Amino acid sequence: MFNLSATSRRFLLEWVIASIVGFTVGSLIGATDFSLISGLLGSSLPARIVGDVFFSTSIGLAQYWIFRRHYPQSQSRLIWWIPLSIIGFILGARLATAVVPRITIDEVPLSIGFGIVLGGFFGTVHWVGMQFLGTLKAKRPILWIPACIVAWIIAELIGFGLDFNQLGVPLLALAIGIVTGISLIAWIQPE
């Protein structure tokens, strides 16, 4: 399939591990019904947004550390990856929650809809950062958008299939880490 160099294999392994850690920690703190934030603040929209902030900060920070380690030429503006992760996730999660269930309640189409909206916003906001803020120098940054959409569709299918059980979060993160990690190496090609 892919003939990856040792450096690319190391990046992919670290990226996947960071994704699992970022998603798991973020999920335990916020953005799920069984998180610390939901336990403290309930399930109101403001509480969910606070949970989203903690969840997406955890993801963005984990990704930032891996990018920083492997792509030092992007370091000066790479810190923007974290707030862009927060913005992309909150916009995607809240819009998906507000719109997709109005279109369908069937599990598979619902999962795909959530993945398209969430992955689309997450990817687009990061792409804007790459294009206009220089957060990550890459040969084909536009491909981050479809990579995120595919990754989040797979993750949402897994998540809905497991009723978003906390024990399933590492599996969602594994799927997102593999899809986005391979996409970064093979097509997006950070410099």
Self-check item: the range 166-190 residues that are within 25 Å of Ser35 (Cβ to Cβ), paired with ones that are hydrophobic (A, V, I, L, M, F, W, C) and not in a helix (DSSP H, G or I) (beta carbon under 7 Å, 6 or more apart)
Solution: Gln166/Phe34; Gly168/Leu162
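Within the range 119-129, can you find the residues that are over 11 Å from the mean Cα position of the chain (by Cα), farther than 18 Å from Leu61 by Cβ and surrounded by 18 or more Cβ atoms within 10 Å (Cβ to Cβ)?
Thr124, Trp127 - these are the residues of the range 119-129 that are over 11 Å from the mean Cα position of the chain (by Cα), farther than 18 Å from Leu61 by Cβ and surrounded by 18 or more Cβ atoms within 10 Å (Cβ to Cβ).
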Self-check item: Answer from Phe132, Phe164 - the residue that is of a type in the set (A, V, I, L, M, F, W, C) and either at positive phi or crowded, with 17+ Cβ neighbours inside 10 Å (or both)
Solution: Phe164
Quiz item: Has the range 107-118 got any residue that is closer than 16 Å to Gln63 by Cβ, assigned to a helix (DSSP H, G or I) and not small (Gly, Ala, Ser)?
Solution: yes
Quiz item: Does any residue of the range 88-101 turn out to be at pLDDT below 95, within 20 Å of Phe54 (Cα to Cα) and β-branched (Val, Ile, Thr)?
Solution: yes
Quiz prompt | Test: residue in the range 5-18 that is out of contact with any strand residue (DSSP E or B) (no Cβ under 7 Å at 6 or more places or on another chain), under 21 Å from Gly92 (Cα atoms) and not β-branched (Val, Ile, Thr) | solution = no
Exercise. Report the residue count in the range 101-118 for those that are more than 25 Å from Gly129 (Cβ to Cβ) and in contact with a Gly (Cβ under 8 Å, 6 or more places away or on another chain).
Key: 4
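The values are calculated or read from the model by the stated rules, or taken from the named source; none is laboratory data. Note that the structure is a prediction, hence the values are computed from the model and not measured. No Cβ is skipped: glycine too gets one built from the backbone with ideal geometry, and neighbour counts run over all protein chains shown.
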